[in-house]
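Engineer: Mind looking over this structure? Questions follow.
The values are calculated or read from the model by the stated rules, or taken from the named source; none is laboratory data. Bear in mind that the values here come from a model prediction, so they are computed numbers and not experimental data. Cβ sites come from the backbone with ideal geometry, for glycine too, and all protein chains shown count toward neighbours. The area values use the complete protein model at the heavy-atom level, side chains included, leaving out ligands, DNA and RNA. Shrake-Rupley method; radii C 1.70, N 1.55, O 1.52, S 1.80 Å.
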Amino acid sequence: MKRRPFFWHIFPSFLVMIILGCAIIVIYATSAIRNFFYEQTVSSLTTRATLLQIPISQYLQKSSVSLDSLTKLLGKQINTRISVISTDGTVLADSDKDPAHMDNHGDRPEIMQAMNGVTGVSVRRSISIGKDLTYVALPIYINHKLTALLRTSVPMVSISDALRNIVFRIGFAGIFVVLSSMLVSIALSRRLSYPLEMLRNGALRFAQG
């Protein structure tokens, strides 16, 4: 039976370690980038909602028609969906839909959190527009009384597109690293296997006299 060269005992081990190492790095980097994008999105939405609190508070004391017109105008300017919800869950204004035809939002996770005086955050599918959105809701106080909730949101598709582009680049770089490492491992395996092969051949010749 023909013996396998030492090279084929060493090279596969190097190859497996390289592929596993690259796979772990890609998975970790993808997860870290996804979390970074999520945190940045929530931070951006929180900032937008905070800046909108004063003008929204002023319009809350006027007619709901003026409030709805304001949200639609601001929503187009900052490319963000803006909703104003009363404390009983009724939608008072929305930049994308007619609030009169929207369901009660009192049971929405981000609204329930904001009702308790904290920043509400949620990622879920919007029933009204049929898209996955990231939501941030803030309470609005007038004269130290909780009057309404202000919610900002953006589609997850924009985040997914940016993440997909970055992951593609990481994957391409990972393939390049694997191929480069394979060449190095082949050279290293040959370098390590050559003296072992010489020793084995010498031992065989010695055994055969």
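Engineer: How many of the residues in the stretch 155-183 are over 21 Å from residue 29 (Cβ atoms), at pLDDT 75 or above and open to solvent by 70 Å² or more (accessible area, probe 1.4 Å)?
Structural biologist: Residues that pass the stated criteria total 1.
Engineer: Of all residues in the stretch 44-60, count the ones that are hydroxyl-bearing (Ser, Thr, Tyr), open to solvent by 60 Å² or more (accessible area, probe 1.4 Å) and modelled with pLDDT of 90 or more.
Structural biologist: Within the stretch 44-60, residues that are hydroxyl-bearing (Ser, Thr, Tyr), open to solvent by 60 Å² or more (accessible area, probe 1.4 Å) and modelled with pLDDT of 90 or more number 2.
Engineer: A follow-up question, please. I'd like the full set of residues that are among the aliphatic types (A, V, I, L, M) and more than 16 Å from residue 125 (Cα to Cα), limited to the stretch 83-109.
Structural biologist: 84, 85, 91, 92, 93, 100
Engineer: Which one of the conditions (1) more than 30 Å from the chain's Cα centre (by Cα); (2) within 16 Å of residue 54 (Cα to Cα); (3) at pLDDT 90 or above does residue 66 fail to meet, given that it meets all the rest?
Structural biologist: Residue 66 satisfies every listed condition except (3).
Engineer: Output the residue which, of all residues in the stretch 61-107 that are part of a loop (DSSP other than H, G, I, E, B) and of a type in the set (Gly, Ala, Ser), is surrounded by the fewest Cβ atoms within 10 Å (Cβ to Cβ).
Structural biologist: Looking at residues that are part of a loop (DSSP other than H, G, I, E, B) and of a type in the set (Gly, Ala, Ser), I get 63.
Engineer: Next up: Hey, any hits in the stretch 11-34 for a residue that's at pLDDT below 95 and farther than 30 Å from residue 179 by Cβ?
Structural biologist: no
Engineer: Say we look at the stretch 108-152 and pick out the residues that are of a type in the set (Lys, Arg) and touching a strand residue (DSSP E or B) at 6+ places or on another chain (Cβ under 6 Å); which of these is least open to solvent (accessible area, probe 1.4 Å)?
Structural biologist: 151
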